[in-house]
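Just so you know, all these numbers are worked out from the coordinates, no wet-lab data involved. Computed from a prediction, not measured in an experiment: that's the story for all the values here. Here the Cβ is made from the backbone with ideal geometry for all residues, glycine too, and neighbour counts use every protein chain on show.
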Amino acid sequence: MAAAARLLPVAAKRLTTTARARRLSTSTSTSPPATAVLYDQHGPPDKVLRVAELPAAEIGERDVCVRMLAAPINPSDLNRVEGVYPVRPPLPAAVAGYEGVGQVHALGAAVDSRLLSPGDWVIPSPPSLGTWQTYIVNPATAWHRVRSDVPPQYVATVTVNPLTALRMLCDFVNLAPGDTLVQNGATSIVGQCVIQLAKLHGLHTINIIRDRPGSQEAKDKLKQLGADHVFTESQLDIKNIKSLLGALPEPALGLNCVGGNAASVILKFLRQGGTMVTYGGMSKKPVTVSTSSFIFKVSTSDLWSLTVVDRVSNFICNLLQLCTLNVYTNLLLEASGIVILD
Ligand SMILES: NC(=O)c1ccc[n+]([C@@H]2O[C@H](COP(=O)([O-])OP(=O)(O)OC[C@H]3O[C@@H](n4cnc5c(N)ncnc54)[C@H](OP(=O)(O)O)[C@@H]3O)[C@@H](O)[C@H]2O)c1
């Protein structure tokens, strides 16, 4: 997974100030001092993030101290730092990061050692804020043990993107083997998961990527993952877009990660009555929908779906040979960005 390339540490300014208050507890042990990436105000991540040394935290009797092994930098992490994400930790001294994997360092006296032991790999489940630090102390119930014989970057990134991909494949349209879906942002980690899961389900994928240097290599990589077709946006600037489908059925599901023109192209591919799910807005451009799409093609009740998913996904866990996870994903609705053309 490409996520491996963007694991911590992020570039940030090192300061030595301490920013975390010592927790009051009746326990007798403490964590080692931690190094954390945190921010005191919202703004561009390269400006407001700083590295700080945090004091040892008390380990309560029901707490577990975890030494973090890896934590990804997801787009939503950066959005939180920027202050544009709906869920934001309180400031100042907010430790960044939302998912990751760590190793149990120490247990509080009342933690059942049959459930967790020093050395176990754990993930925060559900994911929780503040994973960009070297040691975290949290109640034992906030940690979920996972297998330790898989690459840490896979486990560190399993909760947000693969499960988002899975839920989008399962929750909006009843897809059967042989069906087709279309997505933009196909090089994203979510997009790559969609391609692989679709392939496992016998689904075809039409994939749209942006025009940029290296787009041919990106196409080759996505095809190796199982993509049927990969197009750059400029290749889709043609009148009869569906002629590009060849023998594939028209897509019943479209997944929009980008917005702007890349979302409009998805609508052009969709079959009548198809569903487009918007889950990301990487271009920071609004989703623009032609009137004809609204009237003749897409069910509007399906189009702007806001879904909170909190189901346990056994499938993905079998797939990745991990433990069962409790995960919720928010499919973001950017209704304010909808523009209806004449
Ligand atoms: N709603 C949810 O529950 C949920 C859950 C997970 C993820 N998400 C969202 O899904 C999106 C993808 O997440 P990820 O972690 O998979 O991302 P990622 O791996 O960091 O990939 C980013 C993707 O965005 C593309 N991109 C970047 N800047 C762009 C721009 N200005 N215009 C068009 N495309 C651009 C990249 O294309 P290149 O390869 O060309 O750089 C790449 O495909 C994010 O918006 C994230 O917040 C939402």
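Site pair K242 and S148 shows an inter-label distance of 5.5 nm when each label is modelled 7 Å from Cα along Cα→Cβ.
Phi angles of the range 235-245 translate, via the Karplus equation with coefficients 6.51, -1.76, 1.60 and θ = phi - 60°, into HN-Hα couplings of 5, 9, 7, 10, 6, 9, 5, 6, 5, 6, 6 Hz per residue; Gly and Pro are given as x.
How would you classify the range 79-131 from its alpha-carbon gyration tensor, with a ≥ b ≥ c the square roots of the eigenvalues: rounded for a/c under 1.5, else prolate if a/b is greater than b/c, otherwise oblate? Prolate is the answer for the range 79-131, as a/c is 1.5 or above and a/b outweighs b/c.
Pairs from the list K242/K284; K47/K219; K199/K242; K242/K297 with a Cα-Cα gap above 24 Å: K242/K284; K47/K219.
Once you divide the Cα radius of gyration of the range 135-176 by 2.2 N^0.38 Å, the number left is 1.60.
Approximating the spin labels as points 7 Å out from Cα along Cα→Cβ, the T35-to-E61 distance works out to 3.5 nm.
When a/c reaches 1.5 or more, the comparison of a/b and b/c decides; with that in mind, is the range 236-284 rounded, prolate or oblate per its Cα gyration tensor? Oblate, since a/c reaches 1.5 and b/c is not below a/b. Remark: the Q272-K199 segment gains 23.9 nm on full extension, using 0.36 nm per residue and subtracting the alpha carbon distance. Can you tell me how the range 37-186 classifies by the Cα gyration tensor, rounded, prolate or oblate, using a/c under 1.5 as the rounded cut? Verdict is oblate for the range 37-186.
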